[in-house]
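The values are calculated or read from the model by the stated rules, or taken from the named source; none is laboratory data. As the structure is a computational prediction, the values presented were derived from the model and not from experiment. Positions of Cβ are backbone-derived with ideal geometry, glycine not excepted, and every protein chain shown enters the neighbour counts.
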Amino acid sequence: MINNEIKEKTIIKKKERVKLKKPKTYRVLLHNNNSTPYQSVVDVLMTVFNKNEKTAWDVMWECHEQGRSQCFEGSKSICEAKLEEANNYCKMKQQEDYSKLYQLLQFSVEEID
């Protein structure tokens, strides 16, 4: 009789499995303009996107040869923040150097499929 009472009081809970979607990944792209000196592009890549010198030169050359290259990959909010940081850095350098060359650098954010 005790066994029957225990069985009646036991509640079995089913575990529900929730499938989580992988968050979408985005990237920041650098676009070629044929006007900005290579060293200025490398400077932005090293300062804003934390690239080492070799990687920055590789990204810059890829952009020069293919028209655009990926500078950064991450969530949408982080990519948008990096885009804003890059644009602000270029504006600051433009004011410091009295040069419009940094103004010509263009970046964009796009979703990775």
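Among all positions in segment 72-82, there is at least one residue which is assigned to a loop (DSSP other than H, G, I, E, B) and either modelled with pLDDT of 95 or more or of a type in the set (A, V, I, L, M) (or both). Could we say that residue 108 is polar (S, T, N, Q), touching a residue at least 60 places away in the same chain (Cβ under 8 Å) and part of a helix (DSSP H, G or I) here? Taking the combined requirement at face value, the residue does not satisfy it.
Picking from residues in segment 58-104 that are among the basic types (Lys, Arg) and out of contact with any Gly (no Cβ under 9 Å at 6 or more places or on another chain), the one that is surrounded by the fewest Cβ atoms within 10 Å (Cβ to Cβ) is 100. Scanning segment 32-68 for residues that are touching a Leu at 6+ places or on another chain (Cβ under 8 Å) and not aliphatic (A, V, I, L, M) yields 33, 35, 36, 37, 40, 51, 55, 63, 68.
Residue pairs whose Cβ atoms lie under 8 Å apart, separated by 6 or more positions or on different chains, with the first residue in segment 35-52 and closer than 14 Å to residue 83 by Cβ and the second in a helix (DSSP H, G or I) and of a type in the set (Asp, Glu), are 48/85.
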